[in-house]
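Written below as structure tokens is the structure these notes are about.
The values are calculated or read from the model by the stated rules, or taken from the named source; none is laboratory data. As the structure is a computational prediction, the values presented were derived from the model and not from experiment. FYI the Cβ positions are ideal-geometry reconstructions off the backbone, even for glycines, and counts take in every protein chain you see. Side chains included, ligands, DNA and RNA excluded: accessible areas come from the protein's heavy atoms. Shrake-Rupley method; radii C 1.70, N 1.55, O 1.52, S 1.80 Å.
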Amino acid sequence: MKKILLFFLLLSSIVVAQTKVKVDLSNPNATIYTHLYFLQEDTYQPAKSAKTIYGYTGKEAEEIAIKLKKILDGKGLKIDFTKVPTDKMYADTSGFKIGFKYVLFPSQMPEIYVEKIGGNWYYSPETTSKINEIYTSVFPWYTEQLLQIIPEFGHHSFLKIELWQFLGILFLSLISLGLFYVLRKVVYLILKRIQYWIVHKTNDRINLSIRKLTRPVVLLLLIWFIKSLLPSLMLHLEVNTAIFLALDIMVTVFWIYVFLKLVQVIMSIYSDYAESTDSKLDDQLVPIVDNFLTGVVIIGGILKLLTLFGVDPVTVVAGASIGGIAVALASQDTVKNLIGTIMIFVDKPFHIGDWIEADIAAGTVEKVGFRSTRVRAFDTSIFQIPNSLLSEMIVNNKGLRAFRRYQTNLGVRYDTPPELIEAFVIGIRKIIEVDPTTRNDVFNVEFTGFGDSALLIMVNVYFTQLDWDSEQRSKHNLHLAILKLAKNLGVDFAFPSSTLMIEQFPDKKAITMPYNIDKERTSKIIEDIK
């Protein structure tokens, strides 16, 4: 009785096992699962796995199926079946050729994909026809020979890694360490040559940036070397997946570092160029461009890291775009200011240090930032003007004047003799002509009219010194020279006053100023002006 029960129990278990293990080619998920399931150690049936290969039969189909699995394992590509479509009518719309196909790893292995042929899904004829080419590119030529010469004790494993694989990892590490010291010098010299070939200049700051750039570049070359040889060790899929993930993360981090150092090299070169130009706005642009490029590199690196952890690149980009739109809508003023900043740097309506007048703000431009421009007024207070508004204002840039115009009126007493007025005007003209800070070809000094309390002499000059401080010193010297001339000639300046006229007053005479109008004397005073 017991034997009969054991027989039926064994028979039922065989039936259940057979119902679980069956070939299913109805959709991409089922085909890929069938291929890999029947090549596992506990369910190894390569004949059933070969059913997923289209156009081949027998041992040839089995060999293709086995090589496909080895390629995926060798590259550490583990399939997440939760993301593989189960729709039998699935159509790939991501590429230029839209069709019923599914690419397993679009970025790492775009050549391997399944497609619908008839009513079933198979590995594509293109994939199977290139299988030997792909296999050779993944596994070095010596891989098969290496497996044949390994003795039996070399296959003892620990943590799913066999003894010979441990030795291979150690050997690969030692080779990489030796190559690091060799390549570090070679890559540095190559980068120096490239840098000098591009810009034809060098300095300590550029050399330091290139030296810092050398190490990550060498490490990237070594990681490429390790990734090309690692499949030959035939590591377990889980081990390969972990190693390749770690290497991909390192590659991404190193590329971020490389681009950050490359930004430093570029900004060092641009900073030297900005210092050589007359425009101070170029100097202000250096930190802005530096921050912008650094932000682009970091954001791009973070997006790349997210894709390594299984996040779909399309989803990341779409999410970033939607997030960007949301941020833009929520901060329209910030976006407007950023656009205004770009327009200021493109049009260059003013430079750092220029004196500008914009609406109610007047002062010296101190800084142009991402959001606003800082203008310092006469009283040392600060105008913080949003760039979106400043780019739309009418800006009067006093710093772009070819000369600084100065005009004033001098009032002399009404009883000044005409001869002295003429001598005074000629003397002021001589002062302007000999003054090195004024234009001696364009100026005006004329007796222009009769004021309420004085005879008016208009003085209109142009100073060649463009900055405000120099202009004030030039005015100071001009005023002192005019005062000295008036004192030497005996010309008095008038001030608001009233004169009471009395026609007759006993024993009183009108007061008259003792003006000296001797022509020789006035001519000598004018000639002495230097």
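Annotation: average projected area of region 169-229 is 4.4 square nanometres, based on the convex hull of Cα atoms across all directions.
The H on the amide N of A494, modeled in the peptide plane, is under 5 Å from the matching H of G411, V412, R413, each at least 5 residues off or on a different chain.
Just to confirm the number: angle between the C-alpha axis of helix 418-434 and the first principal axis of the chain, 0 to 90 degrees, nearest 10? Long axis of 418-434 versus the principal axis of the chain: about 30 degrees.
Report note on the peptides 222-228, 37-43: ranked by the mean count of other C-beta atoms within 10 Å, highest first, their order is 222-228, 37-43. Between 0 and 90 degrees, the angle of helix 2-20 with respect to the longest Cα principal axis of the chain falls at about 40 degrees. Applying the Karplus relation 6.51 cos²θ - 1.76 cosθ + 1.60 with θ = phi - 60° to region 365-372 yields 3J(HN,Hα) values of 6, 9, 7, 10, x, 5, 9, 9 Hz, where x marks Gly and Pro. Note that region 201-218 has calculated 3J(HN,Hα) couplings of 7, 8, 7, 5, 5, 5, 4, 5, 5, 5, 5, 5, 6, 5, 4, x, 5, 5 Hz, one per residue in order, obtained from phi through the Karplus relation 6.51 cos²θ - 1.76 cosθ + 1.60 (θ = phi - 60°); glycine and proline are x. Highest mean first, the peptides 251-261, 46-56, 372-382 sorted by other C-beta atoms within 10 Å per residue fall in the order 46-56, 251-261, 372-382.
On region 44-202, 63 percent of the accessible area sits on carbon and sulfur atoms, based on a 1.4 Å probe.
Place the peptides 408-421, 75-88 in order of packing, highest mean first, counting for every residue the other Cβ atoms within 10 Å and averaging per peptide.
408-421, 75-88
With each label modelled as a point 7 angstrom along the Cα→C-beta vector, the I342-K487 pair spans 6.2 nm. Checking (1) 92, 58, 46; (2) 169, 50, 40; (3) 113, 54, 47 against the coordinates, the calculated Cα extents along the principal axes in Å falls under label (2).
Across the alpha-carbon set of region 329-433, the Rg to Rh ratio works out to 1.30, Rh being the Kirkwood radius.
Compute the acute angle (0 to 90°) between the alpha-carbon long axis of helix 468-489 and the principal axis of greatest extent of the alpha-carbon atoms of the chain; round to the nearest 10°. Roughly 10 degrees, rounded to the nearest 10. Ligands, DNA and RNA aside, S453 has an accessible area near 40 Å² when probed at 1.4 Å. Between R405 and R473, the FRET efficiency from the beta-carbon distance, with R0 = 22 Å, is close to 0.85.
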